[in-house]
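Taking it in order: structure first as structure tokens, then the write-up.
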Amino acid sequence: MTEIVLEAFRLNGRLLAAGDRLVEPLGLSSARWQVLGAIHFAEAPQPVAWLARSMGLSRQGVQRIANELEKEGLVAFEPNPHHRRANLVVLTEQGREVYQAAERRQIEWVNALSRDFTVDDIQCALKVMTAMRSRLEENSRME
């Protein structure tokens with residue numbers, strides 16, 4: 001298991017670097033792309049704290065990125081009817097377009113990356129990674 005954890009650390013670094021190169025022409029970084037994706041895939045508009053929790057990141061880090069994205073017109077902050085100070089983050093039309101462009105680039109890239117893997121290989125890797133993340137989340141709730 002230690003080897004898997006160490007490989008995950010190395011893989012994370014490589015994924016972030018590759019993601020940065022992939023979306024740089026769109027004015028994004030891997031971190032900005034990740035935040036746009038969390039907003040895009042949320043079932044409803046969410047405050048920064050909820051987005052951060054869903055990504056396993058700090059609220060402060062996601063807030064900094066959300067503020068940058070707002071200045072560039074990719075996201076907007078809307079009033080939250082349930083909490084006066086925790087605004088909801090939503091994609092603007094420009095934000096949706098940029099995110100969709102990133103996803104189009106990602107599809108080509110991930111298809112090339114997965115070329116030699118079988119569906120079973122991918123499903124097994126996903127199962128192990130998901131189980132590890134779930135256990136880590138459970139452990140952090142118990143601390």
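Of the residues making up region 40-51, one or more are on the phi < 0 side of the Ramachandran plot, in contact (Cβ under 8 Å) with a residue 12 or more places away in the chain and either in a loop (DSSP other than H, G, I, E, B) or charged (D, E, K, R) (or both). Regarding LEU22, is this residue surrounded by 13 or more Cβ atoms within 10 Å (Cβ to Cβ) and not in a loop (DSSP other than H, G, I, E, B)? For LEU22, the condition - surrounded by 13 or more Cβ atoms within 10 Å (Cβ to Cβ) and not in a loop (DSSP other than H, G, I, E, B) - is met. Restricting attention to region 91-143 and to residues that are without any contact (Cβ under 8 Å) to a residue 12 or more places away in the chain and hydroxyl-bearing (Ser, Thr, Tyr), the residue that is surrounded by the most Cβ atoms within 10 Å (Cβ to Cβ) turns out to be SER114.
Among the criteria (1) out of contact with any Pro (no Cβ under 9 Å at 6 or more places or on another chain); (2) modelled with pLDDT of 95 or more; (3) within 17 Å of ARG32 (Cα to Cα), the one LEU57 does not fulfil is (2). Taken together, the criteria exclude GLU68 from residues that are closer than 21 Å to GLN106 by Cα and free of Cβ contacts under 8 Å to residues at least 40 places away in the same chain. For region 25-44: of the residues being over 15 Å from the mean Cα position of the chain (by Cα) and modelled with pLDDT of 95 or more, which is surrounded by the most Cβ atoms within 10 Å (Cβ to Cβ)? Looking at the filtered set, the residue picked out is LEU26. When you scan region 83-94, do you find a residue that is at pLDDT 95 or above, more than 23 Å from ILE4 (Cα to Cα) and assigned to a helix (DSSP H, G or I), even just one? Within region 83-94 (the criterion being at pLDDT 95 or above, more than 23 Å from ILE4 (Cα to Cα) and assigned to a helix (DSSP H, G or I)), the answer is yes, since at least one residue qualifies.
The values are calculated or read from the model by the stated rules, or taken from the named source; none is laboratory data. Quick caveat: nothing in here was measured; it's all calculated off a predicted structure. Please note: Cβ atoms are built from the backbone with ideal geometry, for glycine as well, and neighbour counts cover all protein chains shown.
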